[in-house]
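Values in this text are rule-based calculations from the coordinates and carry no lab data. Since the model is a prediction, treat every value here as computed from it, not as a measurement. FYI the Cβ positions are ideal-geometry reconstructions off the backbone, even for glycines, and counts take in every protein chain you see.
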Amino acid sequence: MHETQPAPPVMTAEELLHRGMARHREGRLAEAASLYRRALRLAPGHPDAENLLGVAARQQGDLPAALAHAARAVAAAPHAPLFLANQGAALAEAGELAEAMAALGRAVELNPNDAVSLRNLGQAMTASGQAEAALAPLSQATRLTPDAPEPWLALAHAAREAGKPDLARDAAARVRGPLAEQAGFLLAALGAAPLPKRAPAAYVRDLFDAFAPRFDAELEGALGYRTPALLAAMITGLPRGCVLDLGCGTGLSGLALKPFATRLEGLDLSPRMLAMARARNIYAALHEADLLDFLPRHPARYELIAAADVLNYLGDLTPALAAMHAALKPGGTALFSLEVGADAVSLGEGMRFRHNPDHALALAAAAGFALVAREEAVLRTEKGADVGGVLVRLRA
């Protein structure tokens with residue numbers, strides 16, 4: 001006769017949630033989400049389970065699921081500041097700025113000492129063109145967490161956008177730790193630090209990750225962006241070949257380059273930009289990497305390398321030009337745009353580098369390129385003014 005083993009105890013929804021939160025804190029997101037879903041099956045509509053599933057989904061990059069879970073959590077408990085805060089953060093990440101500001105504003109009303117929501121609110125306001133109004137919540141966030149670098153950096157960016165350079169410099173100078181390099185880059189743009197060789201990779205990645213959901217609409221709409229089409233118009237007399245779209249973003253430039261490629265590859269620092277480019281289904285391969293790391297590992301691979309509004313984030317063009325030359329097949333073509341400045345290189349208040357075309361072309365010649373064509377162009381509009389640039393076609 002065999003003894004019957006007792007059945008394992010059935011966990012309640014609350015026990016499942018607590019176990020899930022423990023996994024969540026350990027970074028085991030898939031396990032945490034599984035436990036949250038089990039809790040939700042036991043207690044349908046449980047607001048804590050919906051909220052935690054939303055947070056886990058956002059951390060896993062599944063924004064549609066994050067938004068759906070957050071909305072259900074808020075619907076079940078509309079006066080819970082934590083749920084509103086998480087919904088607002090997800091909405092901001094999805095580029096739904098008006099809705100994000102509404103949720104975050106309500107969260108702050110209910111919990112005025114929530115420094116993270118104050119910062120998120122200020123960043124959403126800055127991104128939506130309300131930099132002046134963003135100064136109040138961001139300043140409050142710095143007062144609540146004076147040792148945290150994130151609110152100070154967000155305040156510095158908002159102050160720069162609002163035309164308050166003194167405040168921007170003071171806030172940036174307070175940034176410590178891993179974000180100090182980005183603060184130094186902002187200080188350089190304000191003329192308060194030495195000119196760096198390039199924009200920090202983390203700054204470029206964060207900038208375009210945040211911009212990705214509204215990138216196409218804003219560039220093609222309000223900014224009148226036309227660099228990819230202008231560059232593509234310079235591709236004449238070339239056979240189709242293997243093409244690298246350098247800094248491919250959401251794939252706007254790839255659409256212009258596709259007719260000239262037997263194989264089209266894209267490269268970008270921003271994973272969210274690459275996700276949107278992947279959805280276009282025009283690239284044979286997409287690479288998440290820094291161009292200065294990627295190009296030297298692929299010698300003589302491409303017939304054409306095109307960079308639309310990419311070299312604006314590099315001050316010293318010498319390494320990039322050498323890397324592009326090395327990655328091109330003999331006789332291959334480099335095609336790129338530059339924002340134009342009078343000095344050899346300068347850093348504008350928009351935090352992009354401007355280059356003197358003659359100086360840039362001298363560097364290109366030193367890297368082994370021959371000039372094929374050069375055209376002056378208006379690359380886009382910014383704050384109502386044309387951004388002057390130059391389009392360059394080189395042969396290796």
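Packing here is the average count of other Cβ atoms within 10 Å per residue, and on that basis the peptides 333-343, 114-124, highest first, run 114-124, 333-343. Spatial offset of region 24-89 relative to region 226-261 amounts to 41 Å, using the alpha carbon center of each. Charged neighbours of R374, selected by a Cβ distance under 11 Å, balance to -2 (K, R count +1; D, E count -1).
Each semi-axis of the equivalent ellipsoid for region 243-396 is √(5λ) with λ an eigenvalue of the Cα gyration tensor; in descending order they amount to 23, 19, 14 Å. How far is helix 63-76 tilted, in degrees, relative to the longest principal axis of the Cα atoms in the chain, given as a value from 0 to 90 rounded to the nearest 10? Approximately 30 degrees, to the nearest 10. Inverting the pair-averaged 1/r between distinct Cα atoms of the chain gives 23.2 Å as its Kirkwood hydrodynamic radius.
Given all pairs of different Cα atoms, what value in angstroms does the Kirkwood hydrodynamic radius of region 13-196 take? So the Kirkwood estimate lands at 17.3 Å. By definition, a body whose alpha carbon gyration tensor gives a ≥ b ≥ c is rounded when a/c is under 1.5, and region 218-332 falls into this rounded group.
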